[in-house]
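Visitor: A single structure is presented below for examination.
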Amino acid sequence: MVTFNVRTKNKTVGILICFLLALVFVFMTKYVETHRDMEFGFGGLKLSANSFLGILQAMKGLMCIIMVCIDYKMGRIMAIIFMGGSTVFMFLGIIQRGDMSTLPGIYNAIITIISIVIISNGLAKADKRAVTDFLTGLRNRRGLSTLLVSSINDKKKFHVVYFEIENFRTINDNLGHKYGDVALKAVAEKLKEMENENTVYVGRISGAEFAAVVFEPVDPKEFASKVIDRIGTSITHVDEGFDISIALSVYSGVASYPKDADNADDLFKFSDIAVYNARLGQNKSRICFFDTDMKDRFFRQIEIERIVKESLSQDYFYLVYQPQFEIKSKKLRGFETLIRLKQPDGTMVSPGEFIPVVERSELIMKIDSYVLKRALREAKSMVDLCKDEIMVSINVSAKNISSPGFAEEVKAALEATGYPPECLEIEITEYSFAESKEITIENVTKLRKLGIQIALDDFGTGYTSLSQVMHLPISLLKIDKSLIDDIENNPMNRDFVDAIIYMGHLMKCEVISEGVESDEQLDLLKDHECDFVQGFVWGKPLEYDVALDLCKKEAV
Ligand code: C2E
Ligand code: MG
Ligand code: MG
């Protein structure tokens with residue numbers, strides 16, 4: 001805001017200086033015209049009056065052009081007033097005196113006026129291009145930003161309503177960039193129709209992100225839901241005789257001036273954070289209003305990403321191993337590998353906090369890859385001690401198991417460490433089948449062929465129906481802690497757990513309950529024929545050396 005004012009003031013001062021200098025050249029011209037018989041000298045150089053008049057004309061023209069270059073709007077007006085005025089005076093001189101000596105000056109002035117118009121039009125076009133999005137013709141981020149700055153300057157209240165097209169990447173990936181562009185243009189068209197000269201201005205920020213600046217009395221929530229409804233209807237594009245229909249959906253986030261921020265950059269950033277929250281679906285709405293908690297959460301997530309990146313490069317991660325037991329005999333079944341992050345100052349960051357954050361980016365691939373290699377290397381000693389009679393499981397994110405090439409990565413890690421595949425179990429969740437079902441099933445099938453076991457983690461928390469699970473190529477069902485927690489007091493949970501165990505056995509799967517903390521829970525699970533147990537009741541996650549000791553005891 002301050003820079004805006006200073007810049008405008010500087011421009012005005014610059015133009016005034018040029019204008020005054022041009023006036024000085026006018027007075028000098030007048031003087032030389034009345035002393036035509038004199039010679040004018042600059043150092044050793046002697047000039048005739050006519051030559052000097054030519055230089056003064058050129059200097060006037062130059063001042064006008066500099067005025068236009070400083071600010072093509074204000075500069076053009078001042079330059080045309082100046083040049084127009086001096087042309088009129090020169091013309092009047094011809095009429096009054098009847099001599100044509102100023103005719104070259106008039107000719108010069110007309111050329112200068114034409115140059116001023118050409119240059120200022122060129123600058124106006126360049127200026128428009130700088131604030132216009134090339135693909136859609138809407139304002140770009142800079143264009144909207146200029147609008148925000150001047151509205152803040154005028155102390156007008158407004159809202160920045162940000163829009164993000166959901167899964168736009170899949171449109172580009174599946175249909176190609178040509179149709180991606182068609183979709184963006186169609187969205188821009190629909191937004192443009194909703195623009196209103198005084199209250200609603202729209203623009204494209206980048207990629208599949210658009211924004212509107214909405215002034216009172218327009219209600220931002222109503223406006224956002226109108227946009228969501230309009231863009232939500234599918235777009236039909238006719239191409240080479242075919243009708244191509246593209247279905248789009250949009251999330252929206254709102255940040256308001258002056259409530260949330262007092263500058264354009266923060267307003268954009270905060271409305272973007274609000275969209276991000278809408279995308280997470282925590283408040284079950286496609287529209288989200290920015291608040292300070294959101295900001296704190298957002299900055300914590302950025303901090304977590306930074307810590308994770310640093311920890312990967314500096315190797316602050318390590319693995320712990322939580323034992324799993326046969327429920328009837330208390331014999332060791334194996335271990336679940338769990339990642340831990342300890343910063344150099346001793347602060348622990350829980351995987352419950354950092355895994356969901358990194359799962360939204362490609363960082364999770366690096367974590368999974370790290371865990372796979374390190375777990376196989378460390379667990380090799382455990383399975384050697386137990387003569388290949390234990391199972392070590394690792395958690396694999398939905399993103400990874402649904403990526404082509406994952407099974408090959410596991411195969412390569414097994415070969416590199418010499419770890420026996422039948423002692424490896426991979427834990428995946430139901431979301432893995434939601435993301436990209438075909439690739440997940442392909443990976444899981446390849447892994448099963450290698451002899452690796454597949455566990456379905458956190459079962460009972462997702463939305464997969466029991467009938468769907470029946471057809472998944474898994475070997476172990478892990479009943480989630482949330483169902484076990486209240487099993488002593490909640491008959492419905494008890495029945496549900498009973499049904500899961502029964503169904504697991506029907507599928508020829510084994511069943512493990514995780515998060516078992518009490519003897520009562522243990523007894524109930526035993527009664528319900530659950531096969532294995534994992535939980536604090538019989539074993540917390542152990543450091544590698546301690547887990548190795550447990551294996552030694554088991555081997556005796
Ligand atoms: P999960 O895979 O369901 O792991 C079980 C979590 O429950 C672990 O928490 C474990 O320490 C905890 N737990 C086990 N028994 C009990 C109990 O009796 N009481 C209580 N209160 N908690 C118990 P942790 O280690 O904090 O991990 C949380 C989640 O983070 C894991 O849930 C998993 O989704 C993820 N995670 C952990 N390690 C990895 C990893 O190496 N890779 C990936 N992709 N995710 C991981
Ligand atoms: Mg797990
Ligand atoms: Mg679990």
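The values are calculated or read from the model by the stated rules, or taken from the named source; none is laboratory data. Bear in mind that the values here come from a model prediction, so they are computed numbers and not experimental data. Cβ: placed from backbone, ideal geometry, glycine included. Neighbour counts: every protein chain shown.
Visitor: Say we look at the range 470-485 and pick out the residues that are in a loop (DSSP other than H, G, I, E, B) and modelled with pLDDT under 90; which of these is farthest from ligand 3 (Cβ to nearest atom)?
Guide: My answer is HIS471.
Visitor: While we're on this one: Which is over 12 Å from GLY460 (Cβ atoms) and either in contact with an Asp or Glu (Cβ under 8 Å, 6 or more places away or on another chain) or modelled with pLDDT under 95 (or both), of GLU488, GLU514, GLU543, GLU529?
Guide: Selected residue: GLU488, the only one of GLU488, GLU514, GLU543, GLU529 that is over 12 Å from GLY460 (Cβ atoms) and either in contact with an Asp or Glu (Cβ under 8 Å, 6 or more places away or on another chain) or modelled with pLDDT under 95 (or both).
Visitor: Can GLY207 be described as without any contact (Cβ under 8 Å) to a residue 40 or more places away in the chain, surrounded by fewer than 20 Cβ atoms within 10 Å (Cβ to Cβ) and small (Gly, Ala, Ser)?
Guide: So GLY207 passes the test.
Visitor: Answer yes if at least one residue in the range 426-434 is farther than 25 Å from GLN322 by Cβ, more than 15 Å from ligand 1 (Cβ to nearest atom) and not aromatic (Phe, Trp, Tyr), and no otherwise.
Guide: Yes: the range 426-434 contains one or more residues that are farther than 25 Å from GLN322 by Cβ, more than 15 Å from ligand 1 (Cβ to nearest atom) and not aromatic (Phe, Trp, Tyr).
Visitor: OK, next. Mind checking which residues of the range 277-294 are within 15 Å of the chain's Cα centre (by Cα) and surrounded by fewer than 19 Cβ atoms within 10 Å (Cβ to Cβ)?
Guide: Hits for the range 277-294 are ARG279, LEU280.
To keep it simple, each residue is scored yes or no on (1) in contact (Cβ under 8 Å) with a residue 24 or more places away in the chain; (2) among the aliphatic types (A, V, I, L, M).
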position	(1), (2)
ALA211	yes, yes
PRO220	yes, no
ILE228	yes, yes
LYS269	no, no
ASN277	yes, no
ARG286	yes, no
ASP296	no, no
PHE299	no, no
LYS309	yes, no
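Visitor: Say we look at the range 342-364 and pick out the residues that are more than 10 Å from ligand 1 (Cβ to nearest atom) and crowded, with 16+ Cβ neighbours inside 10 Å; which of these is modelled with the lowest pLDDT?
Guide: VAL357
Residue-wise test of (1) within 16 Å of ligand 3 (Cβ to nearest atom); (2) at pLDDT below 95; (3) part of a helix (DSSP H, G or I); (4) assigned by TED's automatic domain parsing to the domain that holds VAL533.
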residue	(1), (2), (3), (4)
ASP272	no, yes, yes, no
ASN277	no, yes, yes, no
VAL308	no, no, yes, yes
LYS328	no, no, no, yes
LEU338	yes, no, no, yes
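Visitor: Only one of (1) part of a helix (DSSP H, G or I); (2) within 16 Å of ligand 3 (Cβ to nearest atom) fails for GLY462. Which number is that?
Guide: Against the list (1) part of a helix (DSSP H, G or I); (2) within 16 Å of ligand 3 (Cβ to nearest atom), GLY462 comes up short only on (1).
Condition check ((1) outside any helix (DSSP H, G or I); (2) closer than 15 Å to PHE289 by Cα; (3) of a type in the set (A, V, I, L, M)) across all residues:
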{"position": "ALA186", "(1), (2), (3)": "no, no, yes"}
{"position": "LYS190", "(1), (2), (3)": "no, no, no"}
{"position": "VAL202", "(1), (2), (3)": "yes, no, yes"}
{"position": "LYS259", "(1), (2), (3)": "yes, yes, no"}
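Visitor: Which of (1) modelled with pLDDT under 90; (2) in contact with a helix residue (DSSP H, G or I) (Cβ under 7 Å, 6 or more places away or on another chain); (3) more than 23 Å from ARG286 (Cβ to Cβ); (4) among the small types (Gly, Ala, Ser) does ALA264 not meet, given it meets every other one?
Guide: Checking ALA264 against (1) modelled with pLDDT under 90; (2) in contact with a helix residue (DSSP H, G or I) (Cβ under 7 Å, 6 or more places away or on another chain); (3) more than 23 Å from ARG286 (Cβ to Cβ); (4) among the small types (Gly, Ala, Ser), the one that fails is (1).
Visitor: Return the residues of the range 335-368 that are within 22 Å of GLN322 (Cα to Cα), hydrophobic (A, V, I, L, M, F, W, C) and touching a helix residue (DSSP H, G or I) at 6+ places or on another chain (Cβ under 8 Å); say none if nothing qualifies.
Guide: PHE335, LEU338, ILE339, LEU341, VAL349, PHE354, ILE355, ILE364, ILE367
Visitor: Still on this structure, please answer the following. What number of residues within the range 511-550 satisfy the criterion of being under 29 Å from ARG377 (Cβ atoms), assigned to a helix (DSSP H, G or I) and in contact with a Ser or Thr (Cβ under 8 Å, 6 or more places away or on another chain)?
Guide: 1
Visitor: Any residue at all in the range 37-50 that is closer than 30 Å to ASN121 by Cα, without any contact (Cβ under 8 Å) to a residue 12 or more places away in the chain and either assigned by TED's automatic domain parsing to the domain that holds LYS11 or crowded, with 20+ Cβ neighbours inside 10 Å (or both)?
Guide: no
Visitor: Could you list all residues from the range 474-491 that are away from ligand 1 (no atom under 15 Å from the Cβ) and either among the acidic types (Asp, Glu) or more than 39 Å from the chain's Cα centre (by Cα) (or both)?
Guide: Scanning the range 474-491 gives ASN489, ASN490, PRO491.
Visitor: Right, something else. Do the conditions hold for THR12, that is, is it crowded, with 16+ Cβ neighbours inside 10 Å, modelled with pLDDT of 85 or more and among the polar types (S, T, N, Q)?
Guide: No: the conditions fail for THR12.
Visitor: Counting only residues that are β-branched (Val, Ile, Thr) and more than 29 Å from PRO421 (Cβ to Cβ), which one in the range 313-357 is nearest to the chain's Cα centre (by Cα)?
Guide: Among those residues, the one meeting the criterion is VAL357.
Visitor: Continuing with this model, one more query. Kindly check whether there is at least one residue in the range 230-241 that is at pLDDT 95 or above and either outside the structural domain of LYS155 (by TED's automatic domain parsing) or not in a helix (DSSP H, G or I) (or both).
Guide: There is no residue in the range 230-241 that is at pLDDT 95 or above and either outside the structural domain of LYS155 (by TED's automatic domain parsing) or not in a helix (DSSP H, G or I) (or both).
Visitor: When you go through (1) within 14 Å of ligand 1 (Cβ to nearest atom); (2) farther than 16 Å from ALA455 by Cβ; (3) of a type outside the set (A, V, I, L, M, F, W, C) one by one for HIS471, which number turns out not to apply?
Guide: It is condition (1) that HIS471 fails.
Visitor: Tally time: how many residues in the range 394-434 are in contact with a Gly (Cβ under 6 Å, 6 or more places away or on another chain) and in a loop (DSSP other than H, G, I, E, B)?
Guide: Result for the range 394-434: 1.
Visitor: OK, next. Determine if the range 506-513 includes at least one residue that is within 16 Å of ligand 3 (Cβ to nearest atom), of a type outside the set (S, T, N, Q) and farther than 23 Å from ALA407 by Cβ.
Guide: yes
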